[in-house]
């Protein structure tokens, strides 16, 4: 059964909790060296089990499925860590983890751990389930890549420039930056071949929905530049915007600041090309990048909004709770969360103008033979 692989990966990922408890009880997590050795040993054993599980049902497996399986393992462990960071459970390992990765003791570190343990876990399991069911998993994979890329683009420079110590396990986060880049390039390179449409579209001012999206992207460019200049200390920072509307941008952890900078220098590039694609329909790369952008925006806004409300954030930097300031804060940040998903949905609904995203290469099930009533061998599939 195709479901057996996804279920097996799900169950294997749950072993991360008891294994982490055992390693903690044995004091293996108290030093960087033993933490790395213990982690590599555990991952090696699980990787062998994952390989055997896939090969049991499929003779041709996308190598990235093994990576997604390992990320399920990491995500399950992250969820347990997040719950312990907030005091919901106690495995008596928190002091060990925080000494190895001290950034986890910040509001942003806690909330990205929640996101990794929930959203990334669901996305990786979904990609595996879709792949083994011979359905298109490319869309989910692109969304996941965008989400993880944004997380690392903000996390790594903030750690290096902040007060948190840079440890060897922290540097292992570079893997989480490289792998989504590989996934992104891999799936972009395998974008379905599609003939360019010769249908003439109406001008942008006659396409109301696209005109609204264009207005959003132009407004988002202005907002991203404004916030970026504000956190960088330009003259524009003399206004009371930070104090009144978004005090979390002043947080000493630097994570919110680098998120604003990421919007200014990375997201703005996408906003510009998306605006171009709206004005000039027929750009078949639009659908792919809309999914990447939606994933990045979801991770960015979740960690930013939840971090501004978290107990580890000083009360002076909490998001405004009432009045005009609260309306401005929630309007801006919810729009930045929701609209990218609406635009991705818009692109999926119009493949002629924005491109197709379905997967071309599908899993190849192992073929077996059974005897029919006519005594002739009949080819069947284990994955059916």
Using 0.36 nm times the number of residues separating residue 211 and residue 135, minus their current alpha carbon distance, what extension gain do you get? 24.0 nm
Obtain the nm distance between the two label points defined at residue 273 and residue 37 by a simple spin-label model: each point lies 7 Å from its Cα along the Cα-to-C-beta direction. 4.5
Quick one: 60, 202, 250, fewest Cβ neighbours within 10 Å first, how do they rank? 202, 60, 250
How much length is gained on full extension from residue 201 to residue 17, taking 0.36 nm per residue of separation minus their Cα-Cα distance? 60.8 nm
Computed from the beta carbon distance with a Förster radius of 25 Å, FRET efficiency for residue 185 and residue 265 to the nearest 0.05 stands at 0.80
Only counting other Cβ atoms within 10 Å, I'd like 318, 254, 120 sorted with the fewest neighbours first. 318, 254, 120
Work out, step by step, the length gained on full extension between residue 314 and residue 88: first 0.36 nm times the residue separation, then minus their alpha carbon distance; give nm to one decimal. 79.3 nm
In nanometres, what is the gap between the two model label sites at residue 45 and residue 358, each 7 Å from Cα along Cα-to-Cβ? 4.3
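Read the figures in this text as sums done on the coordinates, not as results from a lab. As the structure is a computational prediction, the values presented were derived from the model and not from experiment. Virtual Cβ from ideal backbone geometry, glycine too; neighbours counted across all protein chains shown.
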